[in-house]
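These notes concern the structure reproduced below.
The values are calculated or read from the model by the stated rules, or taken from the named source; none is laboratory data. Just so it is clear, the structure is predicted and the values come from calculations on it, not from any experiment. Cβ placement follows ideal geometry from the backbone for every residue including glycine, while neighbour counts extend to all protein chains displayed. Accessible surface is based on the protein model in full, side chains and every heavy atom, while ligands, DNA and RNA are left aside. Shrake-Rupley method; radii C 1.70, N 1.55, O 1.52, S 1.80 Å.
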Amino acid sequence: MKRVSVFCGSNHGASILYEQDAVRLGTQLAKEGITLVYGGSKVGIMGAVANASLKAGGEVIGVIPTMLMEREIAHKGLTELVIVNTMHERKAKMEELSDGFIVLPGGPGTMEEFFEVYTWAQLGEHQKPIGILNTNHYYDKLLDFFNHMIEQQFLKEEYHSLLIVEEQPNLLLDKFKQYTPTVLPKWISRQEI
């Protein structure tokens with residue numbers, strides 16, 4: 001694994017634990033020689049993960065649309081800053097550049113990025129690992145909702161198993177190293193049509 005995309009908030013959040021885990025993850029990625037690909041901002045936990053990776057000697061690629069250059073305050077000290085036109089191009093570029101995806105705490109934008117790569121995995125568009133760093137139990141309710149989706153038959157168990165969930169950055173990266181893509185049946189079988 002050479003590059004990992006990290007989706008996360010441009011705010012710090014209510015707990016210092018969010019930033020601390022972002023720093024741990026950025027540091028660990030650099031120590032393992034994995035390039036960080038992220039949204040290109042210097043603020044919030046986005047900035048924290050990037051700064052930690054750079055400080056530990058890692059490479060960091062930011063991908064930011066022109067409309068967010070000022071709002072998210074583009075990071076000027078990255079290994080590379082890729083400027084794209086739209087949010088759609090940002091996600092496509094991050095997916096293209098990455099061998100896997102990790103979701104840290106964040107808001108609707110982070111959720112939207114996560115759900116897009118998760119949906120792409122369900123549809124067989126990629127077989128890259130998707131990890132959720134569940135810092136301070138931030139994603140517990142989302143994980144409960146996935147179970148509700150399964151109970152209500154809107155999500156198949158095998159697609160839920162595409163997600164790797166851990167509460168510690170090093171444990172999440174360990175599971176990424178052990179990841180082997182699984183071939184899943186088509187999203188809707190012919191018998192269901």
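For the range 1-159, what is the per residue volume of the convex hull drawn over the alpha-carbon atoms, in cubic angstrom?
Values: hull volume 16.8 nm³, N = 159.
Convex hull volume per residue, Cα atoms: 106 Å³.
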Under Karplus coefficients 6.51, -1.76 and 1.60, residue-wise ³J(HN,Hα) of the range 92-105 in Hz, glycine/proline x: 5, 5, 4, 5, 4, 7, 10, 9, x, 9, 10, 10, 9, x
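Report, to the nearest whole %, how much of the accessible area of the range 120-176 belongs to carbon and sulfur atoms, 1.4 Å probe, protein only. Walk me through the numbers before you get to the answer.
Numbers: 1490 of 3120 Å².
The value for the range 120-176 is 48 percent carbon and sulfur by accessible area.
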Inter-site label distance for Asp144 and Thr66 at 7 Å from Cα along Cβ, in nm: 4.4
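Could you order Leu172, Leu142 by accessible surface area, starting with the largest, using a probe radius of 1.4 Å?
Details: Leu172 0, Leu142 30 Å².
From most accessible down to least: Leu142, Leu172.
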Between the range 24-77 and the range 102-154, the alpha-carbon center distance in angstrom: 21
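How much net charge surrounds Val37 when only other residues with a Cβ under 9 Å from its Cβ are counted (Lys, Arg +1; Asp, Glu -1)? Walk me through the numbers on the way to the answer.
On the way: positive: Arg3, Lys93; negative: none.
It works out to a net charge of +2.
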Projected-area mean, the range 39-97, by convex hull of Cα positions, square nanometres: 3.6
Lysines with Cα under 24 Å of Lys156, excluding same-chain neighbours fewer than 8 positions away: Lys128, Lys141, Lys175, Lys186
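Over the residues of the range 1-56, compute the C-alpha Rg and express it relative to 2.2 N^0.38 Å. List each step's numbers first, then the result.
Details: Rg = 10.2 Å, N = 56, 2.2 N^0.38 = 10.2 Å.
Cα-based Rg divided by the globular estimate yields 1.01.
With every protein chain kept in place and ligands, DNA and RNA left out, what is the accessible area per residue of the chain? Probe 1.4 Å, answer in Å². Kindly include the intermediate steps, with their values, before the conclusion.
Values: 10110 Å² over 193 residues.
Per residue, the chain has 52 Å² of solvent-accessible surface.
Taking 2.2 N^0.38 Å as the expected size of a compact globular protein, what ratio does the Cα radius of gyration of the range 72-146 give against it, to two decimals? Numbers along the way, then the final one.
Numbers: Rg = 13.7 Å, N = 75, 2.2 N^0.38 = 11.3 Å.
Its radius of gyration relative to the 2.2 N^0.38 Å reference: 1.20.
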Nearest 10 degrees, 0 to 90: helix 44-55 Cα axis against the chain principal axis: 70
Label-point gap, in nm, between Glu32 and Ile16 - each point 7 angstrom along Cα→Cβ: 2.7
